[in-house]
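Here is the structure we will look at.
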Amino acid sequence: MATPIGNLEDLTLRARKTLASVDLIACEDTRVTRKLLSAYGLSTPVVAYHDHNAARMRPRLIERLKNGQSMALVTDAGTPLVADPGFKLVRAALDAGLPVTALPGPSAGLTALLLSGLPSDRFLFAGFLPPKQGARRTALGEWRALRASLIFFESPRRLAASLADMLSELGDRPAAVARELTKRYEEVRRGTLSELGDHYRSRGAPKGEVVVVVGPAAAGREAMGEAETDALLGEALARVGTRQAAAELAERTGRSRRELYRRALALRSGKEAEGDG
């Protein structure tokens, strides 16, 4: 079931009744969940279930369910199974023929999308990006041509670097950075990726939990293979300079201008070498 992402009043009536009636609550951090229970005067037993003990705890929890106990699965904040190990527990329960239901409620990703002002008819929730730049850029490249808004969770200390990589791999799209959602100091900063990147590079890492929403690839942009990309770059290089050729193809395909500039340089260098031979 979903729990508040900041404002305790966002716990639904159904969730409160369920937390009070189940035999056990499986949660990421028992201290966090006990604070929530205390706020509502509840004392249901809790047990930790997280990345570090999931493999050991999962069969124990399934056994308790088989013995007729009822259990609620919660995360520290928001909806479980979103960027946490809850999926495997639900899968194990289903495989064991046990009934499973979901109690909807707060979600940081969806809340950020609604506040971003970006298209919400199609979106991809991508969770946390890889912490290292190379892997992060590779991941972003996979979604470059996707005509859907992209939702990411990000560490505040990596925010500026991630925004720079998004700019490099996705182009200068409209985006929003949301933090401290539903809390007293909730903030949503909107702008282009370049504007947001400049802001957080100059101001430093923000405080609180961060969600980044990036607008979809522009209509008409094309996803194409490397051979076709090189062919189009070659045509452009016959008409204009290297930078202009990269800019033209970036606008057409949604690919990174920096990446296309490097490819254009390599193509031009190769043709010059052929001419010398």
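Rule-based calculations on the coordinates, nothing more; no lab input. Note that the coordinates shown come from a computational prediction; the quantities given were computed from them, not determined experimentally. FYI the Cβ positions are ideal-geometry reconstructions off the backbone, even for glycines, and counts take in every protein chain you see.
Our coupling estimate for segment 7-12, obtained by passing each phi through the Karplus curve with A = 6.51, B = -1.76, C = 1.60 and θ = phi - 60°, is 9, 4, 6, 7, 5, 6 Hz, Gly and Pro reported as x. Set the Cα radius of gyration of the chain against 2.2 N^0.38 Å, with N its number of residues, and you get 1.27.
For Lys88, the lysines whose Cα falls under 21 Å of its own Cα, not counting residues fewer than eight places away in the same chain, are Lys66. To test your reading of the geometry: what angle, between 0 and 90 degrees and rounded to tens, separates the Cα axis of helix 30-39 from the longest principal axis of the chain? Tilt relative to the chain: about 60 degrees.
Coupling constants for segment 21-27 follow from the phi torsions by the Karplus curve (6.51 cos²θ - 1.76 cosθ + 1.60, θ = phi - 60°), and in residue order they are 9, 6, 6, 8, 10, 8, 9 Hz; glycine and proline get x.
Per 5 Å bin, what percent of the C-alpha pairs of segment 8-95 does each bin hold, from zero upward? Going out from 0 Å in 5 Å bins, segment 8-95 shows 3, 14, 27, 27, 19, 9, 2 percent. Backbone phi angles across segment 240-252, fed through the Karplus curve with coefficients 6.51, -1.76 and 1.60 (θ = phi - 60°), yield HN-Hα couplings of 9, x, 4, 5, 5, 4, 5, 5, 4, 6, 4, 5, 6 Hz in residue order; Gly and Pro are listed as x.
From its DSSP helices (H runs of at least four residues, each -39,500 (n - 2.57)), the chain gives a residue-normalised ellipticity at 222 nm of -14000 deg cm²/dmol. The separation of segment 133-165 from segment 1-68, counted between C-alpha centres, amounts to 32 Å. Dimensions of segment 108-214 based on its C-alpha atoms, expressed as ranges along the principal axes with the largest first, amount to 36, 32, 21 Å.
Using the Cβ of Tyr49 as centre and a radius below 15 Å, the other residues enclosed give a net charge of +1, where K and R count +1 and D and E count -1.
Of Leu42, Leu237, the sequence from fewest to most neighbouring Cβ atoms within 10 angstrom is Leu42, Leu237. Residues whose amide H lies under 5 Å from that of Ala145, counting only those 5 or more places away or on a different chain, are absent; hydrogens are built 1.01 Å from N in the peptide plane.
Looking at the chain as a GNM with Cα springs under 10 Å, which of Asp23, Asp121, Asp165 has the largest mean-square fluctuation? Answer for the Gaussian network model of the chain: Asp121. Within the set of other residues whose C-beta is less than 15 Å from the C-beta of Asp23, count the net charge using Lys and Arg as +1 and Asp and Glu as -1. Summing Lys/Arg as +1 and Asp/Glu as -1 gives +3. Each peptide among 103-113, 6-16 gets the average number of other Cβ atoms lying within 10 Å of its residues, and from highest to lowest they stand as 103-113, 6-16.
Relative to the longest principal axis of the Cα atoms of the chain, the long axis of helix 86-95 lies at roughly 60 degrees.
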